[in-house]
Amino acid sequence: MPLTFDDLLIRARALAQGDRRAILGITGSPGAGKTTLAEMLVRELDAGGEPWVAHVPMDGFHLADAELERLGLQDRKGAPATFDAAGYAALLHRLRAEEDDDIVYAPGFERVLEQPIAGALPVPPSARLVVTEGNYLLLDTGAWVRVRRQLDEVWFCELDEPERIRRLVARHERFGKEHDEAVAWVLGTDQHNADLVTATRDRADLVVPTRTLERRQAAS
């Protein structure tokens, strides 16, 4: 039988049954639906009760444009080297260890500004499950290895390639790029990053076809 969204909810709840906080990672290529899946999980898991799930995207660990310019990486924005992977791993370790009795603040990412925003996402002590999503959760190089160690499971969000590219071009246009510029970025920088992510697919604990989300959205 095909994977259903209810199957995902059951599996996510099971991760948080232990005594310690659990962290679920969601990965996939740019435009594959990672954020949509994460937001749907958090919304439905929290429905009808006290919130116990937090959403902490990897995008808050983008290096600022000023630092990318200093490093000569502005034209590679979104590649693994343009993130603070060690800082991301350290935050996940802090969230998992639960050594803080107070709220832990994680950085967010402002899509309009295309910049990280410090202290934007509160994770309260009551959060028993943290959902984090990003492209490189399964990379086996550098500090990304430390990221994977903090995750109880990693799910790979998968979308047919032509539709993924179409959605990604539309996203870049929505946030200010002209059509030709958006297409060039998607087929260049974004595609190189997508190839890196696709190569990590076999390391995932679960592959989630985007049609699983679409069926749920259609039924809502």
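Brief remarks follow.
- Annotation: amide H-H contacts under 5 Å for LEU121 (H modelled 1.01 Å from N, sequence separation of 5 or more, or interchain): ALA106, GLY108.
- ARG11 versus VAL145: modelled label distance in nm, points set 7 Å from Cα along the beta carbon direction: 2.7
- Derived scalar couplings between HN and Hα for the range 67-80 equal 6, 4, 5, 4, 7, x, 10, 4, 7, 10, 3, x, 6, x Hz in order, rounded to whole Hz, by the Karplus curve 6.51 cos²θ - 1.76 cosθ + 1.60 (θ = phi - 60°), x for Gly and Pro.
- The convex hull built on the alpha-carbon positions of the range 5-210 has an orientation-averaged projected area of 11.4 nm².
- Taking label points 7 Å from Cα along the Cα-to-Cβ direction, ARG203 and GLU153 give a separation of 1.9 nm.
- Cβ-Cβ FRET estimate between GLU163 and GLN74, R0 fixed at 35 Å, reported to 0.05: 0.75
- Packing-based ranking, highest mean first, of 125-132, 199-206 given that Cβ atoms within 10 Å are counted: 125-132, 199-206
- Its Cα centre serving as origin, the range 25-81 has a Cβ charge dipole (Lys and Arg +1, Asp and Glu -1) of approximately 200 debye.
Each reported figure results from applying straightforward, stated rules to the coordinates on display, with no laboratory input. Keep in mind that what you see is a predicted model, and the values were worked out from it rather than measured. Every residue, glycine among them, receives a Cβ derived from its backbone with ideal geometry; neighbour counts consider all protein chains shown.
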